[in-house]
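Encoded as structure tokens, the structure appears first; notes follow it.
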Amino acid sequence: MTPFAAGEAPEKTDLTLGLVPLTDCAPIAIAVEHGFFAQQGLNVTTTREHSWAGIRDQVAFGVLDAAQMLATMPLCTTLGLGGLKCPMVTALVLDLGGNAITLSTDLADALRCEAEGPEELGVHAAEPLRRVLRQRADRGEPPLRLGMVFPMSTHDLELRFWLASAGIDPDRDVELVVVPPPRMVDALERGELSGFCVGEPWNSLAVDRGLGEAVITKQQLWNHSPEKVLGVTAQWAQNHPRTHAALIRSLLEACRWLDQPENRAAACQTLALPQYVGVDAALLEHSMTGRFATAPHAAPAEMPDFHVFHQGQANFPWRSHAVWFLTQMMRWGRLDRGTDVHAVARQVIRPDLYRDAAQAMGLPCPDIDYKTEGHHPGPWALPAADGPLSMGPDQWFDGHRFDPDQPIGYLEQFAVPRPSSALPR
């Protein structure tokens with residue numbers, strides 16, 4: 001039995017969804033294992049992919065119906081950034097947070113010697129990193145190699161933003177290389193990388209194996225910022241509107257379930273299955289239960305919002321987030337400054353489809369598509385027609401702010417379009 005009246009059932013019921021073995025594939029895993037897809041009349045099979053390029057290509061060519069995607073991927077693929085051009089849309093954010101920047105223990109020790117306070121490196125570890133890089137350059141040593149998961153991914157932009165905050169040019173002063181998430185830790189152990197930005201549980205695995213130290217999390221870098229989304233091609237969404245709506249509703253139910261703290265341990269048992277993440281549940285609990293160990297043998301830090309799956313309107317697809325991502329792509333010369341970023345956001349980000357699904361479930365949602373970013377250090381209330389909506393903090397670690405109505409003006413705050421590669425002492 002399905003909950004649909006005649007003419008309302010999904011156009012397609014047998015679906016294949018792609019995912020990458022990361023903790024934040026949880027909404028898809030939970031929707032399968034707890035029957036949320038089945039309740040919407042969907043029979044979903046998942047396929048585990050190791051690279052984001054594989055996810056992108058298989059969705060674009062119709063091998064996959066939909067997939068867990070990086071928040072920037074539908075934008076980049078629609079624009080043809082990265083070699084493949086295919087219009088894509090997203091109407092659902094799967095989670096906020098979930099990443100960290102981890103450095104090798106040797107590099108972290110070197111930074112600690114340069115830091116003003118040797119006890120902890122903290123979120124501003126890029127400052128001593130700049131000095132270490134300057135010393136290496138003076139000795140004629142090659143740039144350090146840092147891993148990220150995909151060009152212009154959230155990880156790539158976060159790593160660039162963090163490095164640039166200390167005057168490090170991520171295109172000249174270090175070498176950024178693409179490494180699939182499950183291979184990051186092995187590359188760190190072999191000395192092929194000196195650090196990386198990746199999603200969980202791979203930061204926790206590096207710490208657990210004594211190989212790395214997490215210096216800043218995504219939640220610390222930009223509070224409650226989007227990470228993964230449900231991605232489909234624009235053509236698929238047009239051809240399967242009821243199926244798309246059923247997918248959104250199913251995953252919303254899974255996200256609601258995941259943000260009940262009493263369910264997190266059970267979620268880790270599900271994610272530990274080989275078809276999802278395939279690592280020990282105890283390792284997954286480091287971030288999922290908000291007790292995240294940042295360094296080998298260190299006491300876990302309390303980070304209850306390391307992963308946010310539903311609260312604070314986490315699932316709403318804000319076009320303002322897309323505009324910020326696009327301006328960062330402009331900053332690094334990957335996107336022409338003449339691009340109409342609002343037009344791209346309107347094409348790719350579909351809050352209208354989200355509202356239809358959420359309202360059918362009786363869930364409140366924002367009346368607006370854009371909001372300013374960086375103004376709220378703590379919880380705040382967003383006005384809406386049906387009453388104020390509870391929102392989470394949205395600050396960046398360096399305190400800057402973003403107005404989506406002034407994207408080019410925002411870029412001009414960087415006096416030079418790129419950080420100087422002079423590595424000032």
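The values are calculated or read from the model by the stated rules, or taken from the named source; none is laboratory data. All values reported here derive from a predicted model rather than from experimental measurement. Note that each Cβ is placed from the backbone with ideal geometry, even for glycine, and that neighbours are counted across all protein chains shown. When the accessible area is computed, the model is the full protein with side chains, heavy atoms only, and any ligands, DNA or RNA have been set aside. Shrake-Rupley method; radii C 1.70, N 1.55, O 1.52, S 1.80 Å.
Taking the convex hull of the Cα atoms, report for the chain its projected area averaged over all directions, in nm².
Quarter of the Cα hull surface area: 19.7 nm².
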Show which lysines lie in cross-link reach of Lys228 when reach means a straight Cα distance below 16 angstrom and same-chain residues fewer than eight apart are skipped.
Lys218
Averaged per residue, what accessible surface does the chain expose to a 1.4 Å probe, in Å²?
38 Å²
Taking the alpha-carbon centroid of each part, what is the distance from segment 22-51 to segment 221-279 in angstrom?
7 Å
Averaging sequence separations of C-alpha pairs under 8 Å and six or more residues apart, then dividing by the length of the chain, give the relative contact order as a whole percent.
22 percent
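Sorting check: for 200-208, 148-156, which peptide has the highest mean count of neighbouring beta carbons within 10 Å, and how do the rest follow?
Ranked from most to least packed, the peptides come out as 200-208, 148-156.
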Rounded to the nearest 10 degrees, the helix 154-164 long axis (Cα) sits at an angle to the longest Cα principal axis of the chain of 30 degrees
Phi-based couplings in Hz for segment 194-200 (Karplus 6.51, -1.76, 1.60; Gly and Pro marked x)
9, x, 6, 10, 8, x, 6
Highest mean first, what order results for 305-317, 335-347 on Cβ atoms within 10 Å?
305-317, 335-347
State, to one decimal in nm, how far the label point of Ser390 lies from the label point of Val63, with both points 7 Å from Cα in the Cβ direction.
4.2 nm
Taking only Cα atoms, what is the 0 to 90° angle, nearest 10, from helix 126-138's long axis to the longest principal axis of the chain?
50 degrees
Helix 319-331 axis, angle to the chain major axis (alpha carbon atoms, nearest 10°):
30 degrees
Give the percent of DSSP beta bridges with both residues in the chain that are antiparallel, rounded to the nearest 5.
65 percent
Taking all protein chains as present, what is the carbon and sulfur share of the accessible area of the chain, in % to the nearest whole number, probe 1.4 Å?
49 percent
Tell me, what ³J(HN,Hα) does each residue in segment 345-354 have, in order and in whole Hz, if you take phi through Karplus 6.51 cos²θ - 1.76 cosθ + 1.60 with θ = phi - 60° and put x for Gly and Pro?
4, 5, 5, 9, 9, 10, x, 4, 5, 4
Place the peptides 165-178, 186-199 in order of packing, highest mean first, counting for every residue the other Cβ atoms within 10 Å and averaging per peptide.
186-199, 165-178
